[in-house]
Amino acid sequence: MADALATLGSGGPIILVLAALSLLSLALIVAKVLQLRHVRAGGARRTEAFELWRQGDKQRARQMVEQGPAPADRLTAYAMKALAGGFKGPDLDAELTRRGNEELAEMNGMIRLLELIAMISPLLGLLGTVLGMIQSFQQLELAEGAANASVLAGGIWQALLTTAAGLLVAIPAAVGAGLLSARIERAAQTMESAVGALMLADRNPGI
């Protein structure tokens, strides 16, 4: 425990900031994974619902998509309700676009924060590197230029530690943000495809 505290202390306050950012990024990644785990679910159920809609069994088709947890299910459930009520044309398209954008905004929540952590963590590590080297040269100056490795070791250790810590925080955050963003993009494509399939089924009943 004492060794861990000594290691932490040698990196200065920057290590504390990076540790906090690491915990925050891990918490965000876990929260977003849980939030996005169902965003592409229910494809087979929606396909069956669209077939029922085409055949004229609109009530049952609506019930099937309303049971789904995915954004595509919520969007198509609204579209089915609107179509059943005679709400069609550009006004419906605009409302579906608005609702789709709201779903996307909710899915993208906190992704920018994760990207920000991935961006600033290496910069904080670089700052620690610079401060560590400044400390080393200050110690060298106080030693009146004596070439003593022990004089320089503390500052160099801090420089290396903060650089490594910054990269260790940034890499998982960047990977997490990239993978989560890709999943959100696929969910957006699923919503678009689901609404398009519903409109096609509505225009070609009984086929």
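Which residue is surrounded by the fewest Cβ atoms within 10 Å (Cβ to Cβ), if the candidates are limited to the stretch 4-37 and must be at pLDDT below 90 and not in a helix (DSSP H, G or I)?
Per the stated criteria, the residue is GLY12.
So which pairs qualify, if the first residue must be in the stretch 102-117 and among the charged types (D, E, K, R), the second must be surrounded by 14 or more Cβ atoms within 10 Å (Cβ to Cβ) and in a helix (DSSP H, G or I), the Cβ gap must be under 6 Å, and the two must be at least 6 apart or on different chains?
From residues that are among the charged types (D, E, K, R), the pairs are GLU103/PRO71; GLU115/ALA177.
Within the stretch 157-180, how many residues are closer than 15 Å to ASN108 by Cα, surrounded by fewer than 24 Cβ atoms within 10 Å (Cβ to Cβ) and touching a residue at least 60 places away in the same chain (Cβ under 8 Å)?
Total meeting the criteria: 2.
Taking GLY178 as the residue in question, decide whether it is part of a helix (DSSP H, G or I), small (Gly, Ala, Ser) and modelled with pLDDT under 90.
Here the answer is no, as GLY178 does not meet what is asked.
Considering only residues that are free of Cβ contacts under 8 Å to residues at least 24 places away in the same chain and surrounded by 14 or more Cβ atoms within 10 Å (Cβ to Cβ), which ones fall in the stretch 49-73?
Once the filter is applied, which keeps residues that are free of Cβ contacts under 8 Å to residues at least 24 places away in the same chain and surrounded by 14 or more Cβ atoms within 10 Å (Cβ to Cβ), the stretch 49-73 yields LEU52, ASP57, ALA61, ARG62, GLN63, MET64, VAL65, GLU66.
Name the residues in the stretch 38-71 that are of a type in the set (Lys, Arg) and either out of contact with any Lys or Arg (no Cβ under 9 Å at 6 or more places or on another chain) or at positive phi (or both), would you?
ARG45, ARG46, ARG54, LYS58, ARG60
Just give me the residues in the stretch 74-116 being surrounded by 16 or more Cβ atoms within 10 Å (Cβ to Cβ) and polar (S, T, N, Q), in sequence order.
If the condition is that a residue be surrounded by 16 or more Cβ atoms within 10 Å (Cβ to Cβ) and polar (S, T, N, Q), then THR76 is the only one that fits.
With MET107, MET133, MET119 as the choices, which residue is part of a helix (DSSP H, G or I), hydrophobic (A, V, I, L, M, F, W, C) and more than 30 Å from LEU34 (Cα to Cα)?
The match here is MET133.
The values are calculated or read from the model by the stated rules, or taken from the named source; none is laboratory data. All values reported here derive from a predicted model rather than from experimental measurement. Here Cβ is always computed from backbone atoms with ideal geometry, including for glycine, and neighbour counts include all displayed protein chains.
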